[in-house]
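The values are calculated or read from the model by the stated rules, or taken from the named source; none is laboratory data. Everything quoted here is computed from the prediction, not taken from an experiment. Cβ placement follows ideal geometry from the backbone for every residue including glycine, while neighbour counts extend to all protein chains displayed. In case anyone asks, the SASA skips ligands and DNA or RNA and just uses the protein heavy atoms, side chains included. Shrake-Rupley method; radii C 1.70, N 1.55, O 1.52, S 1.80 Å.
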Amino acid sequence: MSRIPDQKGMVVWLYGLSGAGKTTISLLLKQQLENDGFFAVCLDGDVLRSGINKDLGFAEDDREENIRRAAEIARLMLQNNIITICSFITPLQKHRTLASAIIGQSFTEVFIECPLEVCQARDVKGLYKKASANQIIHFTGISSSFEVPTNPELIIHTAAESPAESMEKVYNYITPLFKGTINTKTDR
Ligand code: ADP
């Protein structure tokens, strides 16, 4: 018997440098929410870029279009009451403003902060090494800018704690925004 959560959707938008921990936190958060009986999906920048956004590059206009499409997809999820966890570098303030404008008041942004040197040392996908060798152009933090938010809604410092601790902070911040709305129904 499957259980369908009667939940209020929201969009949790994780942004920060490549290797900061967005994907790691989003997957842990999705798992935690599912354990609680909520339904959540992850929208990941790399995944979208390998499919719906594969016609886009990393020059400024394409980065904006990447975010616009992602935000539109997130909005569709939201309209279906899905908790949608988005992981996108979202390098410029205007990109965050655009996503917020498309999604509306259910948009919650979380800055996944990690010093560039730590992201480079992690180099999860080997991209910093390539970017430093000029094998990748427009790489955020190396040859393309990342605007540090001046007044982030929530900031998570991933260099200072474990992935589980980081996820818990995001979880504790977002759950009051929709908890209490759950009313688990039973499928017949
Ligand atoms: P992003 O999605 O931002 O590019 P990833 O999640 O792919 O980054 O990679 C982040 C890396 O940093 C992973 O190897 C992860 O295990 C590690 N890491 C270390 N501490 C943390 C933390 N507190 N939160 C998230 N990731 C962390």
If you go through segment 112-129 one residue at a time, do you hit one that is away from the ligand (no atom under 15 Å from the Cβ) and not in a strand (DSSP E or B)? no
Going residue by residue through segment 56-63, is there one that turns out to be in contact with a His (Cβ under 8 Å, 6 or more places away or on another chain) and not in a loop (DSSP other than H, G, I, E, B)? yes
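Conditions (1) within 14 Å of the ligand (Cβ to nearest atom); (2) part of a loop (DSSP other than H, G, I, E, B), marked per residue:
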{"site": "6", "(1), (2)": "no, yes"}
{"site": "11", "(1), (2)": "no, no"}
{"site": "14", "(1), (2)": "yes, no"}
{"site": "29", "(1), (2)": "yes, no"}
{"site": "51", "(1), (2)": "no, yes"}
{"site": "65", "(1), (2)": "no, no"}
{"site": "68", "(1), (2)": "no, no"}
{"site": "77", "(1), (2)": "no, no"}
{"site": "84", "(1), (2)": "no, no"}
Kindly provide the set of residues from segment 44-59 that are under 20 Å from residue 154 (Cβ atoms) and surrounded by fewer than 21 Cβ atoms within 10 Å (Cβ to Cβ), ordered by number. 44
Of the residues in segment 164-173 that are within 14 Å of the ligand (Cβ to nearest atom) and farther than 16 Å from residue 90 by Cβ, the one that is least open to solvent (accessible area, probe 1.4 Å) is 166
Out of 161, 109, 153, I need the residue that is of a type outside the set (Ser, Thr, Tyr), at pLDDT below 95 and either open to solvent by less than 60 Å² (accessible area, probe 1.4 Å) or within 27 Å of residue 76 (Cβ to Cβ) (or both). Which one? 153
If I filter segment 130-152 for residues that are under 14 Å from the mean Cα position of the chain (by Cα) and away from the ligand (no atom under 16 Å from the Cβ), do I get at least one hit? no
Result of the Cβ filter at 6 Å on segment 152-177, keeping first residues that are closer than 19 Å to residue 107 by Cα and partners that are among the charged types (D, E, K, R) and surrounded by 13 or more Cβ atoms within 10 Å (Cβ to Cβ), at least 6 apart or interchain, is 153/109; 155/113; 156/169
Going by what's in this entry, would residue 99 be described as more than 10 Å from the ligand (Cβ to nearest atom), assigned to a helix (DSSP H, G or I), open to solvent by less than 40 Å² (accessible area, probe 1.4 Å) and within 24 Å of residue 139 (Cα to Cα)? yes
